[in-house]
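The values are calculated or read from the model by the stated rules, or taken from the named source; none is laboratory data. Bear in mind that the values here come from a model prediction, so they are computed numbers and not experimental data. Cβ atoms come from the backbone with ideal geometry, glycine included; neighbour counts cover every protein chain shown. Please note that ligands, DNA and RNA were not included when accessible areas were found on the heavy atoms of the full protein model with its side chains. Shrake-Rupley method; radii C 1.70, N 1.55, O 1.52, S 1.80 Å.
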Amino acid sequence: MATVSPTPLLKDELDIVIPTIRNLDFLEMWRPFFQPYHLIIVQDGDPSKVIKVPEGFDYELYNRNDINKILGPKASCISFKDSACRCFGYMVSKKKYIYTIDDDCFVAKDPSGKDINALDQHIKNLLCPSTPFFFNTLYDPYRDGADFVRGYPFSLREGVHTAVSHGLWLNIPDYDAPTQLVKPLERNTRYVDAIMTIPKGSLFPMCGMNLAFNRELIGPAMYFGLMGDGQPIGRYDDMWAGWCTKVICDHLGLGVKTGLPYIWHSKASNPFVNLKKEYKGIYWQEELIPFFQSVTLPKDCTTVQKCYIEISKQVKVKLGKVDDYFNKLADAMVTWIEAWDELNPSGVKPAELPNGASK
């Protein structure tokens, strides 16, 4: 049986956000690691369906009716019938840190056969500085057995705050539909014992199934966009959040780490269904990547919210002509920030919210 340290790290400062449409039996496997923490479960799909959560977990459960009640007309910015709905959990959390995981992600084992406490590793990543301005060839210089290599500027060795910890997955890789179709049997069996800071100026494809971030530093940028029901695109929710977040982290001098920890991704989604959701995104991303590579934020964008509103304006001007969807998305980005600020007034602890089913 896996064990955890007697006093879990950040026990009262971290929420675990899980989007789901099914009973959360997968939590049994995570019990040794997750039970001390508060869970925010965002139920997607039919709000009348009862989602069962194993006994002994401390959780809030929000369904679509709760989202509509809490956000009113602004609920239009939260996606429906898509795991992008998880970002509602980020908005209503009252904690400094967030860990989000999908319900088809299980505990992985390291090469010695020991269960990996993914949450513990994410917390270590977030509490440790990042080095986005100069690459250390020994990857993370703050890990045991590593340090800054010869030639690394001493003025940069203090590092910067880590805003995002992006974890990886064993077994089913996080592929797009065309790659899934040509490599249906491929499995990721490579466990690479490495963590690195993604350099300033480099974008990356962020996967939302095993992700942690400092909500106070970067939370308002973690908007997973308009996806799923009624939208022409899906499966780009975490990508969109990742591109916006990285541009803002670069501007504000924050770090993003990727690598450990691994989780076990248990099942492949249907590539034909995925292709239908993704095909516009695969086409549009050839415009989206150059857009994000060229985004510049003015000096007076000193908060995440100001940065995000500025990006939304540029989305409208430059991507609105690619497709009208981006005009709607730009408006939703503004709505998201307005809703975030209503629920999280700056300098004031977020107000207590009416929960869906609270336990």
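Here are some notes:
- For the range 127-205, the fraction of 1.4 Å probe accessible surface lying on carbon and sulfur atoms is 56 percent.
- Under DSSP loop assignment and at most 11 Cβ neighbours within 10 Å, longest GluC sites (Glu not before Pro)-free interval of the chain: 159-351
- Normalised Debye scattering of the chain at q = 0.07, 0.10, 0.12 Å⁻¹ gives log10 I(q)/I(0) of -0.28, -0.60, -0.90, counting only Cα atoms as equal scatterers and leaving out solvent.
- In order along the range 130-137, the phi-based Karplus estimate (6.51 cos²θ - 1.76 cosθ + 1.60, θ = phi - 60°) of 3J(HN,Hα) comes to 10, 10, x, 9, 7, 7, 9, 5 Hz; Gly and Pro are listed as x.
- Percent RCO, i.e. relative contact order, over the range 77-168, from Cα pairs under 8 Å lying at least 6 residues apart: 23
- Remark on Tyr59: its backbone amide H falls under 5 Å from those of Leu39, Lys359, a criterion applied only to residues 5 or more positions apart or on other chains, H modelled at 1.01 Å from N.
- Entry note, the chain: relative contact order of 20 percent, from Cα contacts under 8 Å with a spacing of 6+ residues.
- Computed 3J(HN,Hα) for the range 102-116, one whole-Hz value per residue from the Karplus formula 6.51 cos²θ - 1.76 cosθ + 1.60 where θ = phi - 60°, is 7, 7, 10, 10, 10, 5, 8, 10, 7, x, 8, x, 8, 4, 8, glycine and proline marked x.
- Cα pair distances exceeding 16 angstrom across the range 216-317, given as percent: 64
- Structure-based [θ]222 nm, the chain - -39500 (n - 2.57) summed over DSSP H runs of at least 4, per residue, nearest 500: -9500 deg cm²/dmol
- Membrane-span-like helices in the chain, defined here as complete DSSP H runs extending at least 30 Å along the helix axis by their C-alpha atoms with mean Kyte-Doolittle hydropathy no lower than -1.0, are 271-294; this is a sequence and geometry rule, not a statement about a membrane.
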